[in-house]
Amino acid sequence: MGTKTKDLWVLLETNEDGTAKNVGIELLNPGRRLADKQGGKLVSVVIGCHTDAAVKEAGVHGADQIIVVDGEEFRRYTTDAYTAALAHLLKKHAPTSMLIGATPNGRDLGPRLSCRLGTGLTADCTALDIDEASGNIAWTRPAFGGNLMAVILCPDHRPQLGTVRPGVFKKPDVCEDRAEIIREDFHVPADQIRTTLLETIREASAEIVDLEGADIIVSGGRGVGGAEGFRVIRELADVLGGTVGASRAAVDEGWISHSHQVGQTGKTVGPKLYIACGISGAIQHLAGMSSSDVIVAINKDFDAPIFGIADYGFVGNLFEIVPLLTDEIKKA
Ligand code: FAD
């Protein structure tokens, strides 16, 4: 085990072409804040194949140091190769903590890594801070079916590990690239990788809905009353150049597909503008959209909890208000 540092690591997951996945860049944002509070460096760990583009992205988004593991065996994620590489790096450099995106791969990797290192893991976090009393990371995540937000400390183990939902944090601003790059010559022999990806099959019926990348989202809930009710939501989204989202109630009713669902068991989004129509504002819905820049709520119930986090609110029937908004925006 190397000498313990106060450095904070962020895993930068890569695509097969060596480019960076968004969440690894987003996490440099809270990473900067936590590293500064802990008095350590912000380190981006890039694992993949032909990763120059990802390394550059990490540099211009504020990493102090970038540790790179590059090899053909890392082109596609495998539990064995990624666990071996990260366990090696974490033992060698001994940072205080590491943030991993809660992507399908990150959700597989985090628990495996924590077992390998005998440390803890807080999964699926939606907020991060430093506990002033102990200096540990305070990891916040939904608990008890999303009915409360639990703050978890991991006082006795190092490194502190956590997975963080994509879309919760905004990418940091672009800055001058001053990162020190450390290339680690680490390879995993083929016979130690026990899984092989044979084929990727895209689900034929799956609709591609890029909610996480959308700047404007117009969402409908149970208040839209049926699949037909989503027509007014779509029209408003269209004139704004936005994407249609939905609450789980609307998805469970079968009015719209799950790929549109925002919230704890749907997608986490952070658009510039989020318009919630006929959505009450249950905590599980808020978990997926509360970091939006501007929130507008349209609800006929003055006491609906959504108004508690909305920047602007319309109290009234969405079937009157939404078409009026659409018409006014068309005229503008
Ligand atoms: P409701 O709560 O029924 O609210 C409908 C609202 O529409 C009301 O406020 C009403 O006043 C308003 N309304 C009705 N008619 C009109 C009208 N004509 N004009 C204007 N307003 C009108 N929910 C999610 O959204 N996403 C999740 O990912 C999610 N995950 C969950 C995970 C777990 C483990 C659990 C237990 C629950 C989860 N839920 C999730 C469900 C969540 O608890 C709520 O049940 C759900 O968000 C409610 O959806 P809603 O606001 O559309 O419906």
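Size of the dipole of the chain about the Cα centre, Lys and Arg at +1 and Asp and Glu at -1 on the beta carbon, nothing else charged, in debye to 20?
680 debye
Counted over region 237-320 with a bin width of 10 Å, the fraction of Cα pairs per bin, in whole percents, is 19, 54, 27, 0.
Considering only His258, Leu325, Gly106, and ranking their Cα positions along the charge dipole of the chain that arises from unit charges at the beta-carbon of Lys, Arg, Asp and Glu, the one farthest toward the positive end is Gly106.
For the chain, what does -39500 (n - 2.57) per DSSP helix run (n ≥ 4), summed and divided by total residues, give at 222 nm, in deg cm²/dmol to the nearest 500?
Details: 9 runs with 91 residues, N = 332.
After summing the helix terms and dividing by the residues of the chain, the value is -8000 deg cm²/dmol.
Here is the link list: Lys91/Lys171; Lys4/Lys56; Lys6/Lys91; Lys4/Lys41. Which ones come out longer than 22 Å on Cα distance? Table pairs above 22 Å Cα-Cα are Lys91/Lys171; Lys4/Lys56. Candidate cross-link partners of Lys21 among the aspartates and glutamates, defined by an alpha-carbon separation under 13 Å and a same-chain spacing of 8 or more, comprise Glu13, Glu57, Glu212. For Lys41, Lys267, Lys330, the ranking by accessible surface with the largest value first comes to Lys330, Lys41, Lys267, using a 1.4 Å probe. Normalised size of region 6-190, defined as Cα radius of gyration per 2.2 N^0.38 Å with N residues, equals 0.95. Identify which of Glu72, Glu16, Glu199 has the largest mean-square fluctuation in a Gaussian network model of the chain, with springs joining Cα atoms closer than 10 Å. Comparing Glu72, Glu16, Glu199 in a Gaussian network model of the chain, the most mobile one is Glu199.
Probing with 1.4 Å while keeping every protein chain in the model, the per residue accessible area of region 1-87 equals 34 Å². Can you give the log10 of the normalised intensity I(q)/I(0) at q = 0.12, 0.13 Å⁻¹, computed with Debye over equal Cα scatterers of region 188-260? Log10 of I(q)/I(0), two decimals: -0.45, -0.50.
For the chain, averaging the sequence separation of C-alpha pairs within contact (under 8 Å, six or more residues apart) and dividing by the residue count gives a relative contact order of 14 percent. For region 9-93, the relative contact order comes to 30 percent (Cα pairs under 8 Å, sequence separation of at least 6).
Taking every full run of DSSP H in the chain, the ones that stretch at least 18 Å from end to end by Cα along their long axis and average -1.0 or higher on the Kyte-Doolittle scale are 79-93, 104-117, 318-331. List the relative contact order of region 111-173 as a percent without decimals, with contacts defined as Cα pairs under 8 Å and 6+ residues apart. Relative contact order of region 111-173: 36 percent. For the peptides 97-104, 159-166, 322-329, residues were scored by their other Cβ atoms within 10 Å and the scores averaged per peptide; the highest-first order is 159-166, 97-104, 322-329.
Rounded to the nearest 20, the Cβ-based charge dipole of region 6-190 about its Cα centre (Lys and Arg +1, Asp and Glu -1) stands at 440 debye.
Among the trypsin sites (Lys or Arg not before Pro) in region 85-190, those located in a DSSP loop and surrounded by at most 11 other Cβ atoms within 10 Å of their own Cβ are Arg178.
Applying 1/(1 + (r/R0)^6) with r as the Cβ-Cβ distance of Glu199 and Ala87 and R0 = 30 angstrom yields a FRET efficiency of 0.55.
Using the Cα centre as the reference, give the magnitude of the dipole from point charges on the C-beta atoms of region 114-235 (Lys, Arg: +1; Asp, Glu: -1; all else neutral), rounded to the nearest 20 debye. Before the final figure, lay out the partial values.
On the way: 13 positive and 20 negative charges, 82 e Å.
So the magnitude is around 400 debye.
Each principal axis of the Cα cloud of the chain was evaluated for its coordinate range; sorted largest first, these ranges are 64, 49, 40 Å. Protein-only accessible surface at a 1.4 angstrom probe places the residues Trp139, Trp255 in the order Trp255, Trp139, largest first. For the chain, the residue among Pro271, His61, Thr3 whose Cα projects farthest onto the positive side of the dipole built from Cβ charges is Thr3.
Per residue, the accessible area of region 150-234 comes to 67 Å², computed with a 1.4 Å probe over protein heavy atoms only.
In the chain, the portion of solvent-accessible area held by carbon and sulfur atoms comes to 51 percent [1.4 Å probe, whole percent, DNA, RNA and ligands not counted].
The values are calculated or read from the model by the stated rules, or taken from the named source; none is laboratory data. Note that the coordinates shown come from a computational prediction; the quantities given were computed from them, not determined experimentally. Methodologically, a virtual Cβ is constructed for each residue, glycine included, from the backbone with ideal geometry; neighbour enumeration extends over all protein chains shown. Quick note on the areas: whole protein, heavy atoms, side chains included, nothing else; ligands and nucleic acids left out. Shrake-Rupley method; radii C 1.70, N 1.55, O 1.52, S 1.80 Å.
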